[in-house]
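Below is one structure, written out as structure tokens; the observations come after it.
The values are calculated or read from the model by the stated rules, or taken from the named source; none is laboratory data. Predicted model, so just to flag it, every value in this text is computed and none were measured. Note: ideal-geometry Cβ built from the backbone for every residue, glycine included; neighbour counts use all protein chains shown. Heads up: the accessible areas ignore ligands, DNA and RNA and are worked out on the full protein's heavy atoms, side chains in. Shrake-Rupley method; radii C 1.70, N 1.55, O 1.52, S 1.80 Å.
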Amino acid sequence: VDHLADLYGGEGPVATWIGWGLQRRASGGRNVRCIDALAAMSGNVGRPGGGVSFTSTRKRGLDQSFITSPSGRTIDTPLLGRQLRELDDPRPRFCWVSGANPVTQLPDSRAVAQALSSVDFTVVVDAFFTDTAEVADVVLPVKLMLEEEDIVGSYQHHHVAVVRGVCEAPEGTRSDLEILAELNRRLGKPAGDLLEDPKAAIRRMTQPWFEGEEPSVRRNPIQKAVPFVERFERPNGRALLITELPDPVPGGDDDYPLVMMSPSCAAWQTSQRYESDQQGKLAKCRVHPEVVGLSRAVVDGDRAWLESPIGAMKVVLDLDERLDRRACVVPRGGWVRHGQGVNLLIEAKATDLGCGTVY
């Protein structure tokens, strides 16, 4: 605390990097806004070298004026399992999943799988036979990023770039847009500008980025070098911080005394991993050698049940003296059908702001 006070109370500037993860707590939104407030009150917002960085907005500056806006009923992502099953009048009869693996990635995996299975007809567009694909009626194989040409923004910085296909896609695969265009054609629906000529549509959408020049790599011109120098992008020009303090962290539970963490793993991205890495293997659960809640001493490689109020999974223990005795760590991204899906244990809850997922 003294070190942070010296940093923020000093001459500065201080650049604050939040990154993804902190917001995925019950009070995640207000936690982030408290950090925003610290940076703002210490004079580190609106000055070169300062600021608070959470993530980049990749669509900023795209011309989306000719893209149809979503319409109809909506459900909340973290509560998908429950809300999809409760949706009524009329009940959902068709579900299309693209660019996501909700059974593995969302909390209460069993409820999500049951909800998708309860829909009359579920289609999953994916390059892998994921846990979500397993509950689908039809799986459509899709091209991956390095198998097609596109223009993309980036996570965590403000440059946009052209993606060039570097290898041929397997036979029978199509891009997302090709799949949607063919579906539109068979339904007799007008394709619209995007599906009629995707390349022309992308040129139009990215015109504000590249300003008529040949697309390559460049910084997004819409993003200011130093944001919020004069005002904040709100009607009154002021920053919106917090109106009440975050909720206190819940105390321990005698029945469930451990705090589970499920960080990203450097070996794979989200749940995009080979089945061969998981088949016949238990998820590793790192704990302190004297972790609380066990009735006997444990050694490396012992097997155990990791339980929560909604489920259980069998794990192999990986002892680590650096951990707190009340903590356990299981990497995210394992598949449910191979016994490594950690979201089997996570209750479905929404965060305090923005309806994020409480992991």
Q. Does any residue in the range 53-67 that is in contact (Cβ under 8 Å) with a residue 60 or more places away in the chain come within less than 7 Å, Cβ to Cβ, of a residue that is assigned to a loop (DSSP other than H, G, I, E, B) and aromatic (Phe, Trp, Tyr) six or more places away or on a different chain, and which pairs are these?
A. THR55/TRP20; THR55/TYR155; SER56/TYR155
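Yes/no per residue for (1) among the charged types (D, E, K, R); (2) modelled with pLDDT under 90; (3) under 20 Å from ASP176 (Cβ atoms); (4) not in a loop (DSSP other than H, G, I, E, B):
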{"site": "GLY46", "(1), (2), (3), (4)": "no, no, no, no"}
{"site": "GLY50", "(1), (2), (3), (4)": "no, no, no, no"}
{"site": "SER56", "(1), (2), (3), (4)": "no, yes, no, no"}
{"site": "ARG85", "(1), (2), (3), (4)": "yes, no, no, yes"}
{"site": "PRO90", "(1), (2), (3), (4)": "no, no, no, no"}
Q. Does the range 162-178 include one or more residues that are open to solvent by less than 60 Å² (accessible area, probe 1.4 Å), part of a helix (DSSP H, G or I) and β-branched (Val, Ile, Thr)?
A. no
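Rundown of residues vs (1) surrounded by 19 or more Cβ atoms within 10 Å (Cβ to Cβ); (2) on the phi < 0 side of the Ramachandran plot; (3) not aliphatic (A, V, I, L, M), yes/no style:
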site: GLY10; (1), (2), (3): no, yes, yes
site: PRO13; (1), (2), (3): no, yes, yes
site: ARG25; (1), (2), (3): yes, yes, yes
site: GLY46; (1), (2), (3): no, no, yes
site: PRO78; (1), (2), (3): yes, yes, yes
site: GLU86; (1), (2), (3): no, yes, yes
site: ASP89; (1), (2), (3): no, no, yes
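This table checks each residue for (1) open to solvent by 70 Å² or more (accessible area, probe 1.4 Å); (2) within 15 Å of TYR359 (Cβ to Cβ).
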site: ALA297; (1), (2): yes, no
site: GLY301; (1), (2): no, no
site: ALA304; (1), (2): no, no
site: SER308; (1), (2): no, yes
site: LEU317; (1), (2): no, no
site: GLU321; (1), (2): yes, no
site: VAL330; (1), (2): no, yes
site: TRP335; (1), (2): no, no
site: HIS338; (1), (2): no, no
**Q.** Residue that is over 19 Å from the mean Cα position of the chain (by Cα) and open to solvent by less than 50 Å² (accessible area, probe 1.4 Å), where the choices are VAL119, VAL112, VAL125
**A.** VAL119
Q) How do the strands (runs of 3 or more DSSP E) wholly within the range 253-349 filter down when requiring 2 or more residues that are under 19 Å from THR104 (Cβ atoms): which remain? A) 259-261, 283-287, 303-308, 311-319
